[in-house]
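Taking it in order: structure first as structure tokens, then the write-up.
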Amino acid sequence: MQKGIFENVAVIILAAGLGTRMKSGKAKVLHEILGRPMILYVVETAKKIVGKNVILVIGNQAEKVREIVSENFPLSAESDEADGNDEVGFALQKEQLGTGHAVSYALPNVPGHIEDVVILCGDVPLITADTLIRLIDDHVVGKRDISLLAVQVDDPKGYGRILMDENMHISKIVEEADATEAQKKIKTINAGIYCVKKTFLTDALQKIKSDNAQGEFYLTDIIGIGHKEGRCIGVMIGSTPDEVIGINTPHDLMAVETVMRSGKIS
């Protein structure tokens, strides 16, 4: 096994979104940072920790995203081209009905031997392999069903808030659109990055409902499902909030490029 590669872990990257706030005709994940489409940073990081077990969920401008990713991560010499053993797998989400919906499209492409699944966002390009390795290690050592990466920020606007029960166990993640005024003051936010036992993920996705302000199937609902079932749920607080900056607007893109130029995250 290559150093740093987890053979029993797969990564699903969510990259199907429209990105309407970018005010551009280009798919959000194809916007460039330092001359390189942002999705390539995420795929590269994923491959560092799981090798070929990477599945990219595509939707908006799917063929263009597939083409650019495949060009940068081509078929390797050891791959069996006849079996379609590409460096990166793809799952097409025809309708964008939420993050839970997207993951459900990717799961059938996850190899049978995989035990845990890491879920990343294609618009969070600063996440590092070191942080993901710590998350996976934390998850495995804790024998958890779900582990999520969280960070504490001064301005949590726009992010899902992490709710704790009286025993300081995670009970739920509330999205901004569904949060009460009190919940909006919580500064521990969901980074949108998870490590989940595959068997639990498969089961929980079938129980998610779209009864929320957006009418979408939120992946975050697996936390509430797991809490009700008495599953082992844990959180790792990341030490570098900048790593989980999500790109939704041109301003966000500039902020990420500034961080990348600074060399603070590598």
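Taken together, the values in this text are just the output of simple stated rules run on the coordinates, not laboratory data. These figures come from a predicted structure and were not determined experimentally. Positions of Cβ are generated from backbone atoms using ideal geometry, with glycine treated the same way; all protein chains shown enter the neighbour counts.
Quick notes on this structure:
- Length gained when the stretch His251-Ser24 is fully extended (0.36 nm per residue, less Cα-Cα span): 80.4 nm
- In terms of overall dimensions, the chain has a Cα radius of gyration and Dmax of 17.5, 56 angstrom.
- Around the Cα centre of the chain, unit charges on the Cβ atoms of Lys, Arg, Asp and Glu (plus for the first two, minus for the last two) sum to a dipole of about 480 debye.
- Sparse-neighbour loop sites [trypsin sites (Lys or Arg not before Pro); segment 158-266; at most 15 other C-beta within 10 Å; DSSP]: Lys185, Lys187, Lys207, Lys209, Lys264
- Footprinting exposure proxy ranking of Cys121, Cys195, fewest other C-beta atoms within 10 angstrom first, gives Cys121, Cys195.
- In nm, spacing of pseudo-spin labels at Leu92 and Asp165 (7 Å Cα→C-beta vector): 4.3
- Sites matching GluC sites (Glu not before Pro) across segment 150-188 that sit in DSSP coil, with at most 12 neighbouring C-beta atoms within 10 Å: Glu166
- Label zone at Thr199 (point 7 Å along Cα-to-Cβ), backbone N below 14 Å, segment 114-146: 114-117, 143-146
- Cross-link pairs Lys52/Lys207; Lys48/Lys184; Lys26/Lys207; Lys228/Lys264; Lys26/Lys47 - those with Cα-Cα distance over 31 Å: Lys48/Lys184; Lys26/Lys207; Lys228/Lys264
- Highest mean packing first, where packing is the average number of other Cβ atoms within 10 Å per residue, the peptides 27-40, 46-59 line up as 46-59, 27-40.
- 18 Å Cα-Cα reach of Lys185 towards lysines, excluding residues that sit fewer than 8 places from it in its own chain: Lys157, Lys172
- Spatial separation of Cα centroids for segment 216-234 and segment 235-264, in angstrom: 26
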